[in-house]
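The values are calculated or read from the model by the stated rules, or taken from the named source; none is laboratory data. Only a predicted model underlies this, so the values are computations on that prediction, with no experimental measurement involved. Neighbour counts are summed over all protein chains in view; Cβ atoms, including those assigned to glycine, are modelled from backbone coordinates with ideal geometry.
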């Protein structure tokens with residue numbers, strides 16, 4: 001996916017150099033618990049910390065950066081306001097005064113606004129349609145379902161269509177892995193199977209349309225560093241500069257090659273990749289020692305240290321492997337919904353996971369991580385292919401078996417598994433971990449909602465039962481049922 005954008009925000013060379021240093025300092029503030037402790041307790045920098053910051057290119061005066069730890073709430077308010085493009089007028093006078101005292105804060109706010117605008121440009125991707133009608137409808141429902149279930153975090157997902165994996169498992173083993181990826185157990189011999197791999201990618205473009213190949217992730221539950229040979233080939237086949245997210249950040253030669261690939265391009269665009277998952281302060285030290293602030297000014301460093309203030313998604317390894325599927329009070333289970341729901345999934349693909357080593361295909365989409373779906377995605381179906389010759393038939397067969405334009409006549413109609421059905425005097429509500437959907441009209445909605453909630457009836461049986469028991473209009477029942485289906489509120493994980 002391309003992460004270039006035209007936002008109207010322009011920065012001078014001096015501003016870019018200062019921002020690169022602010023970014024680098026902010027990374028250290030997130031990663032170094034001892035630094036945070038000293039600064040928030042007004043102890044200031046230790047001599048060693050000052051020497052290190054200067055060594056890695058942070059030459060800004062300490063006082064210029066002190067808004068980060070002296071006024072963290074005001075800083076957050078200012079940046080949030082800037083990101084939302086609201087100007088200074090809504091800000092309290094105290095916040096405006098702090099911004100006037102610290103010129104780097106408005107500059108940092110502009111930078112964060114620019115990055116968010118670029119991210120929002122990427123969110124146009126869900127509007128891209130394939131040439132396959134059933135898949136379009138299915139994916140549209142998954143996008144709506146994700147917004148319903150995950151709330152704000154669901155809105156921020158751009159729903160790539162394909163996740164291509166060239167390995168079985170991952171060599172890194174991040175402590176927080178929400179997918180609980182197995183240890184690396186197999187690596188595709190890319191030079192030997194290159195023709196098959198590129199044929200698979202090409203066929204995906206033929207089946208769904210070439211534009212859809214731009215919506216691809218060439219790694220997902222695997223580490224790109226374990227099999228890096230594909231990158232330029234995938235660009236040629238898909239016509240897009242695809243993203244790379246890596247946690248193998250101790251290999252500086254690998255990081256340098258990625259930076260060269262994304263930053264030194266003939267098209268003149270800015271690509272905010274690669275994305276580096278930084279697992280320890282020591283890893284951050286190595287990265288900062290190897291690259292200047294300007295070399296990493298457009299590269300996102302995800303600070304993934306264990307004592308980071310940002311909570312991890314309680315799924316995958318955290319939920320399953322470290323705690324043995326401990327009895328976590330899932331939102332969907334306890335039926336109590338706080339005002340602010342934490343991020344519930346790191347999954348983003350609504351489409352196909354294609355493991356090119358094992359030749360396995362999984363149809364999946366993001367959902368709230370919990371005991372039923374511990375990795376933060378629902379699995380709608382799976383299949384295997386034997387090679388390039390039968391790949392198209394297998395993936396077409398999956399769509400015919402799993403994707404529909406209306407509720408299938410031979411399956412019981414149910415609400416999505418994260419939804420709680422609540423009858424009301426006016427009709428019924430469907431409550432998810434993040435929001436509530438209201439359906440009013442007791443006579444026409446109430447009986448239908450209760451019948452769907454029972455999970456006992458196929459569409460034809462629903463119509464017949466409601467006609468017999470409530471004299472419901474069959475056309476109206478079918479219409480509301482189709483609306484519920486189109487909005488992604490019905491369960492589509494069908495068991496054979």
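Only one residue in 260, 226, 251 is more than 26 Å from residue 26 (Cα to Cα) and more than 19 Å from the chain's Cα centre (by Cα), so which one is that? Give the steps one after another, and end with the answer.
Details: 260 fails: more than 26 Å from residue 26 (Cα to Cα); 251 fails: more than 26 Å from residue 26 (Cα to Cα).
After applying the criteria, what remains is 226.
Being buried (at least 20 other Cβ atoms within 10 Å of the Cβ) and either in contact with a strand residue (DSSP E or B) (Cβ under 7 Å, 6 or more places away or on another chain) or at pLDDT below 95 (or both) narrows it down to one of 47, 6, 76, 31, so name that one. Show your work before the answer.
Working: 47 fails: buried (at least 20 other Cβ atoms within 10 Å of the Cβ); 6 fails: buried (at least 20 other Cβ atoms within 10 Å of the Cβ); 76 fails: buried (at least 20 other Cβ atoms within 10 Å of the Cβ).
Going through 47, 6, 76, 31 in turn, the sole match is 31.
Out of the range 205-239, which residues are out of contact with any helix residue (DSSP H, G or I) (no Cβ under 7 Å at 6 or more places or on another chain), surrounded by fewer than 19 Cβ atoms within 10 Å (Cβ to Cβ) and part of a loop (DSSP other than H, G, I, E, B)?
209
Using the structure shown, decide if residue 471 is touching a strand residue (DSSP E or B) at 6+ places or on another chain (Cβ under 9 Å) and without any contact (Cβ under 8 Å) to a residue 40 or more places away in the chain.
Considered against the rule, which asks whether it is touching a strand residue (DSSP E or B) at 6+ places or on another chain (Cβ under 9 Å) and without any contact (Cβ under 8 Å) to a residue 40 or more places away in the chain, residue 471 comes out as no.
Tell me the helices (runs of 4 or more DSSP H) entirely within the range 79-198 that contain at least 3 residues that are within 26 Å of the chain's Cα centre (by Cα) and at negative phi. Give the derivation first.
Working: elements: 93-101, 104-122, 133-150, 152-155.
Where helices (runs of 4 or more DSSP H) fall fully within the range 79-198 and carry at least 3 residues being within 26 Å of the chain's Cα centre (by Cα) and at negative phi, they are 104-122, 133-150, 152-155.
Can you tell me which residue is nearest to the chain's Cα centre (by Cα) among those in the range 359-380 that are touching a residue at least 40 places away in the same chain (Cβ under 8 Å) and surrounded by fewer than 18 Cβ atoms within 10 Å (Cβ to Cβ)?
Among those that are touching a residue at least 40 places away in the same chain (Cβ under 8 Å) and surrounded by fewer than 18 Cβ atoms within 10 Å (Cβ to Cβ), it is 379.
Would you mind telling me which numbered condition in (1) closer than 22 Å to residue 27 by Cβ; (2) in contact with a helix residue (DSSP H, G or I) (Cβ under 9 Å, 6 or more places away or on another chain) residue 61 fails?
(2)
Here is a check on your reading of the model: is residue 427 in the same structural domain as residue 344 (by TED's automatic domain parsing) and crowded, with 17+ Cβ neighbours inside 10 Å?
no
For the range 403-435, give me the residue count where each residue is touching a strand residue (DSSP E or B) at 6+ places or on another chain (Cβ under 9 Å) and touching a residue at least 40 places away in the same chain (Cβ under 8 Å).
12
With respect to residue 495, is the statement that it is under 25 Å from residue 146 (Cα atoms), in a loop (DSSP other than H, G, I, E, B), outside the structural domain of residue 367 (by TED's automatic domain parsing) and without any contact (Cβ under 8 Å) to a residue 60 or more places away in the chain true?
yes
Among (1) out of contact with any helix residue (DSSP H, G or I) (no Cβ under 7 Å at 6 or more places or on another chain); (2) modelled with pLDDT of 65 or more, which single condition is residue 295 missing?
With respect to (1) out of contact with any helix residue (DSSP H, G or I) (no Cβ under 7 Å at 6 or more places or on another chain); (2) modelled with pLDDT of 65 or more, residue 295 is out only on (1).
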